[in-house]
Amino acid sequence: MKNKLINSAVIMVVVLTTVAFTNSKKEVKTSESTITWTGEKVTGSHEGTIQLESGYLMMEDDKITGGEFVMDMSTITVTDLSGDSKEKLEGHLKSDDFFGTSDHPKAKLVITSAASKGNGKYGIVGDLTIKEQTHPLTFDLSMNGDTATTKVTIDRTKYDVRYGSGSFFDNLGDKTIYDNFDLDINLKF
């Protein structure tokens, strides 16, 4: 009788724990999600897109607890130019001067922690890997139903993307490209 009570109690604790904490993996719809990049230089800026290859958020009781996202860097495009100028810049961004997509076709963000700030806003901490270089990254993310949005600023020089950087090369003048670039991310789930 005592063993039956203990077994019943253990089963009840397991059931209640499972009901109380519902973990789920929320897969991203890559075809409906967008990543827009903006890079600036002394004489102006350029923008374009990068395709998301895969991604998910880990949820516990409808709160973000983690996640992972992979970008296909070989899909980097320029949207503010056309013709030869567009092709030339896209080729340069894919070259070893920038993202070296033939050797480093993927970039990955792994969310290591997420803190709710209320009203669907989260403070996110993660590890971003570009060109096999991994560095911590913090940003805010807004979650509204099946949509998550954020704007992330990245210092490209941390990831060995130093072409035209005034932090590493002297006398660039108006050829200087700023170290930071922005990603405007809109995720659909």
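The values are calculated or read from the model by the stated rules, or taken from the named source; none is laboratory data. All figures in this text were calculated on a predicted structure; none of them were measured in a lab. Note: ideal-geometry Cβ built from the backbone for every residue, glycine included; neighbour counts use all protein chains shown. Just so you know, the surface numbers come from the protein's heavy atoms only, side chains and all, with ligands and any DNA or RNA stripped out. Shrake-Rupley method; radii C 1.70, N 1.55, O 1.52, S 1.80 Å.
Report, to the nearest whole %, how much of the accessible area of the stretch 109-189 belongs to carbon and sulfur atoms, 1.4 Å probe, protein only. Mind dumping the intermediate values first?
Numbers: 1980 of 4400 Å².
Here carbon and sulfur together make up 45 percent of the probe-accessible area.
For S95, S31, the ranking by accessible surface with the largest value first comes to S31, S95, using a 1.4 Å probe.
Relative protection proxy for 75-82, 22-29, from highest mean packing down: 75-82, 22-29 (other beta-carbon atoms within 10 angstrom).
Which shape class applies to the stretch 56-147: rounded if a/c is under 1.5, otherwise prolate when a/b exceeds b/c and oblate if not, where a ≥ b ≥ c are the square roots of the Cα gyration tensor eigenvalues? Prolate shape, in that a/c is at least 1.5 and a/b is the bigger ratio.
Between V110 and Y178, what length in nm is gained on full extension when 0.36 nm per residue of separation is reduced by their alpha carbon distance? Intermediate values should be presented prior to the final figure.
Numbers: separation 68, 0.36 × 68 = 24.48 nm, distance 2.54 nm.
Computed gain between V110 and Y178 is 21.9 nm.
Accessible surface area normalised per residue over the stretch 12-120 is 58 Å², counting heavy atoms of protein chains with a 1.4 Å rolling probe.
Just to verify a number: FRET efficiency for N144 and T79, C-beta to C-beta distance, R0 = 30 Å, to 0.05? Walk me through the numbers on the way to the answer.
Numbers: r = 25 Å, r/R0 = 0.85.
Computed FRET efficiency for N144 and T79: 0.75.
Seen from A114, the other residues with C-beta closer than 13 Å to its C-beta sum to a net charge of -1, counting Lys and Arg as +1 and Asp and Glu as -1. For D80, the amide hydrogen comes within under 5 Å of the amide hydrogens of E47, counting only partners 5 or more places away or on other chains and with H modelled in the peptide plane.
For an R0 of 35 angstrom, estimate the FRET efficiency from the Cβ-Cβ distance between T134 and E90 and round to the nearest 0.05.
With R0 = 35 Å, the Cβ-Cβ based efficiency is 0.85.
Here the relative contact order of the chain, from alpha carbon pairs under 8 Å that lie six or more residues apart, stands at 21 percent. Taking Lys and Arg as +1 and Asp and Glu as -1, the other residues whose beta-carbon sits under 10 Å from that of W37 total -3.
Close amide H partners of E53, meaning residues 5 or more places away or on another chain with modelled amide H under 5 Å apart, are V70, M71, D72. Per-residue Karplus couplings for the stretch 157-163, computed as 6.51 cos²θ - 1.76 cosθ + 1.60 with θ equal to phi - 60°, are listed in order as 5, 5, 10, 6, 10, 10, 3 Hz, Gly and Pro entered as x. Relative to the current alpha-carbon distance between T157 and T38, full extension at 0.36 nm per residue lengthens the span by 41.3 nm.
Shape of the chain from the C-alpha gyration tensor: prolate (a/c of 1.5 or more and a/b above b/c, with a ≥ b ≥ c the square roots of its eigenvalues). Computed from phi, the 3J(HN,Hα) profile of the stretch 116-131 under the Karplus parametrisation 6.51, -1.76, 1.60 (θ = phi - 60°) reads 5, 10, x, 6, x, 9, 10, x, 10, 10, x, 10, 9, 10, 9, 6 Hz, with x in place of Gly and Pro.
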